[in-house]
1. If I fit a long axis through the Cα atoms of helix B:31-50 and take the longest principal axis of the Cα atoms of chain B, what angle between them do I get, 0 to 90°, rounded to 10?
2. Based on the Cα gyration tensor of region B:68-132, what are the three equivalent ellipsoid semi-axes, each the root of five times an eigenvalue, rounded to whole Å and given largest first?
3. Report the Cα centroid-to-centroid distance between region A:237-254 and region A:72-101 in angstrom, as an integer.
4. Only four residue types carry charge here, +1 at the Cβ of Lys and Arg and -1 at the Cβ of Asp and Glu. Report the dipole size of region A:60-239 about the Cα centre in Debye, rounded to the nearest 20.
5. Just to check, using Stokes-Einstein with a Kirkwood Rh over alpha carbon pairs, what's the diffusion coefficient of chain B at 4 °C and 1.567 mPa s in µm²/s?
6. Enumerate the aspartates and glutamates that A:Lys124 could reach by cross-link, defined here as Cα to Cα under 14 Å, with residues fewer than 8 away along the same chain left out.
7. So for B:Asp192, B:Asp21, B:Asp232, fewest C-beta neighbours within 10 Å to most, what's the order?
8. Please work out the Cα center distance from region B:121-172 to region A:105-147, rounded to the nearest Å.
Amino acid sequence: MNFNFKHEWIETNVGLLLVLTMVAISIGGLVEIAPLFLIKNTVETVKDAKGLETIRPYTALESRGRDIYVREGCYTCHSQMIRPLKDEAVRYGHYSLAAESQYDHPFQWGSKRTGPDLARVGKKYSNEWQVQHLIAPRSMVPESVMPNYPWLLSTPLDTSDLVDRLRAQRAVGVPYSLTEIEYQNNVKRFGEAVAQQLHIPNAQQNLVKQAEEGNFDGDRSNITELDALIAYLQVLGTMVDFSQYDSDHFVTFR
Amino acid sequence: MSKDKMQSQAVQTTGHAWDGDLQEYNNPLPRWWVWTFYLTILFAILYWIWFPAWPVAKGYTPGVGKITYVDAKGVAQTTHWNTRADLMREMNGLAAIQKPFFDKVAAQPYAAIAKDPELNNFIASAGNQLFADNCATCHQAGGQGKIGFFPNLADDDWLYGGQFDKIQETVTQGRRGYMPPFGEALSTAQIDQLANYVLSLSGEKMDAAKAETGKALFHSETAGCFYCHGDDARGRQVIGAPNLTDKIWLWANVPNADAPSIKLAAVKNVIQNGLNKGVMPAWGQRLTPEQIKVLTVYVHELGGGK
């Protein structure tokens, strides 16, 4: 057989070059992505004593806070991924579980760490500190290089497209409920109180209630972007009660 | 490569010409490069064999590499190599170094810890680290605090008490200071009189007549300041009500003000609007009891422990 391969066959044929490039890249992609849909134990199951899932999607307010986090580019300086490394365990606490970001679209793991990791920052500081620190970081931490975000306190939170935003997340698999059946399903998975929060028809009302009760930005007169952002920051990494598990429990998922 | 040299080597061209006469040399890759490339392929294959790598069916190839760590019950476990088990192993190592110290801290009463020089060294370094990671953002690096926000932990003036057990309680459970607003219950004149009295307690030169009326108000049922701040205005640590006679101010921005009118305004503001922003987070969930004990001694030794 006289098969004499010449690379100009490919190089002089744009169409073939394109097809072969895509084939080469998709092999890499498939090998990395396909298993995630097949392997059952990549995402840990985390349930409380009553068998309810403790990791839940964000409430309407927290979810809007997350949008602001993304909009302001906080991820360009902050990661949300505590790696299973000694130094990080000592500084930040338990390593992040895959399950903890299962409802994040897109996830905020990040890789640039100008500031500290935020995966477990929830409840670490008071709302008062968060307000001051976001408005003027250097008033709290003199050597900080974090920018000031004063407008968050003066900008009212836009909730006009709240329902569409939640529906969009539902479309990519986040269990926000639209119908009664979906709602009942959530009651079984997360319990009634959480299921209420995840019901899209109640979203607006839930958001206002959480913002008023939480009073995150210290100003009750209106709901600002800072209310939403702090509600989001305060829930980060707080959904798993690690004191319920042996220190090696999550090793068995690997 | 110089032009001469390039032309002197009879390198093949790729064989085709563009624009009539443009040709492309077909230089073979250097031998060292090719071999490095083969070596990286070999490395990848060894890596696949040793570490978890390929997805198969509903699982993956765990690799032949093994790792042994001590689990939560103190039993040695051997499993395929993975980062979480590796972390357990590393933390076992760290615990082995720190354990004797933490055990000693856990076992001894506070008074004995403070006297043990070896433990003091340990607390100075471990406590410093814990304080920097968790507390310094609010109480500042040396514990000096911030007027209007966070109390000074290095002085001997305490809202909730500077004894070991009080500090431990503060850190474990957190605190929330609350003083009700008096803007509606009292008139502007009364608030002014009270403020004159409060400032006169720490030796500021105030309007004597107003301060005298303020004093009566302070101890009356109308204002009821004495319920929380005490008959002598020296505070009550069970509820975190501060001593108003010691010239130390956290919420009323008196120390930064020069003019008496500004000092007065600062105190009036506190009485008018009350206080509900002194929130010290609880650390009982985040830190271990031993870490909290180390921090307690560290804070106590910052300068003002009782």
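1. The angle comes out near 60 degrees.
2. Calculated on Cα positions only, the semi-axes equal 30, 14, 8 Å.
3. Taking the Cα centre of each part, region A:237-254 and region A:72-101 sit 15 Å apart.
4. The dipole magnitude comes to about 560 debye.
5. 50 µm²/s
6. Of all the aspartates and glutamates, those that pass the test against A:Lys124 - Cα under 14 Å, at least 8 places apart if same chain - are B:Asp133.
7. Listed from fewest to most nearby Cβ atoms, that is B:Asp21, B:Asp232, B:Asp192.
8. Their Cα centres are 21 Å away from one another.
Values in this text are rule-based calculations from the coordinates and carry no lab data. Computed from a prediction, not measured in an experiment: that's the story for all the values here. Cβ: placed from backbone, ideal geometry, glycine included. Neighbour counts: every protein chain shown.
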